[in-house]
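*Asks:* Pasting a structure below so you can have a look.
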Amino acid sequence: MNKIVMYGADWCPDCQRAKAFLKENNIEYNYIDVDLNEEATKKVELINNGKRIIPTLLINGKTYTNPDNSQLAAALGINEDYRIIMYGADWCPDCRKSKAFLTDNNINFQYIEIDKDENEWAIPLIKELNNGKRKIPTIVINDDQVFVEPENDELRQALKIDVVKEEHIYDTIIIGGGAAGLTTSIYAQRDRYDSLILEKKTIGGNAFLTQKIENYPGFTNISGPALMDKMEEQARVYGAKIKTGEDVTSITKEGDLFKVQTKSNTHIGKSVVLSTGSTYRQLNIPGEQELIGSGVHFCATCDGAFYRDKDIIVVGGGNSALEEGIFLAGFVKSVKIVNIMPNFSASETYIEKLEKIDNISTYMNQTSTEFVANDQGLFEGLKVKDNETGEESMIHADGAFIFIGLIPNTKSFADLVELDQRGFIKTTGMANTSVEGIFAAGDCREGAIAQVAAATGEGVLASYGLKTYLSK
Ligand SMILES: Cc1cc2nc3c(=O)[nH]c(=O)nc-3n(C[C@H](O)[C@H](O)[C@H](O)COP(=O)(O)OP(=O)(O)OC[C@H]3O[C@@H](n4cnc5c(N)ncnc54)[C@H](O)[C@@H]3O)c2cc1C
């Protein structure tokens with residue numbers, strides 16, 4: 001299915017080597033002899049700034065000039081026992097997570113960016129592999145094992161990646177690589193405390209999933225991924241160690257040290273910072289579970305692009321719902337905002353913006369009762385009930401995005417630190433939790449403002465807390 005073209009000549013040893021490598025790995029390609037094809041010679045010269053260098057390869061639109069076998073292996077996802085092809089898109093956080101995991105473990109994979117015109121062929125293939133659904137990342141190992149939106153642990157098992165036992169004792173282990181965790185790490189590193197950030201998904205946290213941030217001081221308008229990339233870079237510059245695909249399941253105190261257990265490793269630290277943020281709340285209505293990922297979504301940045309020129313529903317009435325609805329209205333055909341309350345709880349800035357956008361309509365005072373799919377299991381719409389009249393109706397659309405609030409990611413620590421009734425971590429003073437040496441910062445903390453600027457501020461506070469604790 002790949003479009004691989006090799007421009008070469010029969011007398012050229014490197015062309016023979018590259019041909020042999022592709023043949024050994026059962027990779028089909030189209031070979032064009034530049035000695036017999038004037039057009040091909042011109043193309044090679046165009047690619048190589050006027051020079052006639054062969055072999056020149058075109059792999060799904062990307063050019064490779066006289067690549068050695070290891071470069072070919074990297075481009076084509078060839079490893080000793082596996083060939084790995086990942087179908088994904090640059091805007092997709094789960095693709096980024098899987099890419100980071102494979103790269104961190106030095107595993108070659110061929111990445112096919114499905115949004116590129118030359119890779120249009122990949123879309124029907126993904127649908128075929130996913131029962132008609134467009135799900136990414138879809139990762140194919142050795143042509144027969146298919147992993148759809150896999151957790152890193154699934155990949156670890158499939159690729160038999162060894163778990164390395166770590167002996168190092170960190171000054172602090174930061175759980176969660178969002179704005180709060182990254183900031184704590186930047187400050188800790190600058191104070192010469194070595195920090196390890198454990199992140200189960202994508203570095204950047206919820207802010208990474210937000211297309212437009214207009215209220216982070218210093219930036220009138222910056223995309224979430226751009227801002228979080230800068231924070232990650234800054235943490236790395238100061239020496240922070242970052243591990244992704246590490247889902248922390250428990251923490252135990254042994255003497256003065258903390259043992260942090262993830263699904264695949266154990267890490268030891270003198271202190272711990274909990275900065276695990278929060279997760280999207282679901283509606284818990286019929287049809288929701290079945291349609292999640294193929295009609296029902298929680299992240300506009302992640303999945304919005306699937307709905308270009310289509311009709312979508314946004315459920316919610318707070319800042320996130322309006323902000324994301326406005327963002328989606330920029331490229332979908334229409335946005336129908338369904339709010340359970342008679343008025344929006346979002347700030348006036350968003351309400352004023354919303355009123356000026358033609359392709360947004362609002363359905364106020366409506367309770368969402370069921371997501372409906374057609375006979376083929378494809379999303380058809382949302383059933384709602386008017387809170388005043390009791391009248392039931394169906395809102396038709398191609399997909400729905402739910403933004404109705406967040407629940408704290410603190411389940412794993414419920415027996416460790418004191419939580420409030422809603423599950424947020426209670427803190428006092430300098431981000432201290434009920435356990436000495438464990439600190440909490442950001443959206444997982446009781447009373448958090450749930451803004452990026454606030455999360456970074458709390459990260460600073462936690463860094464001062466752990467500094468005081470460690471210098472005792
Ligand atoms: C749709 C949306 C739009 C938003 N828009 C804005 C905006 O415009 N401006 C603004 O200021 N704020 C905005 N916010 C809020 C902002 O994103 C958050 O306040 C901020 O991201 C909180 O940072 P945090 O570090 O506390 O948590 P998070 O960003 O949630 O990061 C927590 C991290 O911890 C990881 N984690 C969780 N559990 C574990 C575990 N057990 N082991 C390892 N890792 C774990 C998570 O994967 C995550 O990466 C928005 C939020 C959403 C959802």
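Each reported figure results from applying straightforward, stated rules to the coordinates on display, with no laboratory input. Note that the coordinates shown come from a computational prediction; the quantities given were computed from them, not determined experimentally. Please note: Cβ atoms are built from the backbone with ideal geometry, for glycine as well, and neighbour counts cover all protein chains shown.
*Asks:* Taking every pair of alpha-carbon atoms in region 205-276, what share in percent sits in each 10 Å bin, from 0 to the bin with the longest distance?
*Replies:* It works out to 17, 36, 30, 16, 2, in whole percents.
*Asks:* In nm, what is the difference between 0.36 nm times the number of residues separating GLN421 and SER347 and their Cα-Cα distance?
*Replies:* My answer for the length gained is 24.0 nm.
*Asks:* Something else: Could you give the length gained on full extension between TRP11 and GLN157, defined as 0.36 nm per residue of separation minus the Cα-Cα distance, in nm?
*Replies:* Result for the pair: 48.1 nm of gain on full extension.
*Asks:* What nm distance separates the two modelled labels at MET394 and ASP68, each placed 7 Å from Cα along Cα→Cβ?
*Replies:* Between MET394 and ASP68, the simple spin-label model gives 6.2 nm.
*Asks:* For GLU45 and ALA373, what does the FRET efficiency come to when R0 = 51 Å and r is the distance between their Cβ atoms, rounded to the nearest 0.05?
*Replies:* 0.40
*Asks:* On full extension of the chain, what length is gained from ASN105 through ASP191, given 0.36 nm per residue of separation minus the C-alpha to C-alpha distance?
*Replies:* 28.0 nm
*Asks:* Something else: What is the spin-label model distance, in nm, from LYS212 to ILE449 if the labels are put 7 Å beyond Cα along the C-beta direction?
*Replies:* 2.2
*Asks:* Hey, what's the Cα Rg ratio for region 85-217 versus the globular rule of thumb, 2.2 N^0.38 Å?
*Replies:* Ratio of Rg to 2.2 N^0.38 Å for region 85-217: 1.25.
*Asks:* May I pose another question? On a 0 to 90° scale, report how tilted helix 452-470 is relative to the longest principal axis of the chain, with both axes built from alpha carbons and the result rounded to the nearest 10.
*Replies:* It is inclined by approximately 80 degrees.
*Asks:* Now for a separate question. Angle check, please: helix 13-24 long axis (alpha carbons) against the longest principal axis of the chain (alpha carbons), in degrees 0 to 90, nearest 10.
*Replies:* With rounding to tens, the tilt is 60 degrees.
*Asks:* Between GLN261 and ASP90, what is the FRET efficiency for a Förster distance of 45 Å, r being their Cβ-Cβ separation, to the nearest 0.05?
*Replies:* 0.85
*Asks:* Right, here's the next one. Just report the Cα centroid separation between region 310-381 and region 227-295, whole Å.
*Replies:* Using only Cα atoms to place each centre, the spacing works out to 30 Å.
*Asks:* Along each of the three principal axes of the Cα atoms of region 341-408, give the extent in whole Å, ordering the values from largest to smallest.
*Replies:* Extents along the principal axes, in whole Å: 41, 35, 26.
*Asks:* Any idea what the alpha-carbon Rg over 2.2 N^0.38 Å comes to for the chain?
*Replies:* The chain yields a ratio of 1.11.
*Asks:* Further, regarding this structure: With no other cysteine's Cβ closer than 4.7 Å, which Cys residues of the chain count as lacking a disulfide-compatible partner?
*Replies:* Those would be CYS444, since no other cysteine Cβ in the chain comes under 4.7 Å of theirs.
*Asks:* Also: Write down the radius of gyration of region 1-105 and its Dmax, each obtained from C-alpha positions, in Å.
*Replies:* In order Rg, Dmax, the Cα atoms of region 1-105 give 15.2, 46 Å.
*Asks:* Something else: Taking Rh as the Kirkwood radius, which is the inverse of the mean 1/r over Cα pairs, what is the Rg/Rh value for region 288-404?
*Replies:* Answer for region 288-404: 0.94.
*Asks:* Here's a follow-up. Mind giving me the nanometre distance, one decimal, between the label points for LYS356 and ARG308, set 7 Å out from Cα along Cα→Cβ?
*Replies:* Once both label points are built, they end up 2.6 nm from each other.
*Asks:* Also, I was wondering about something else. Provide the FRET efficiency to the nearest 0.05 for the LYS472-LYS23 pair, computing r from the beta carbons and using R0 = 41 Å.
*Replies:* 0.05
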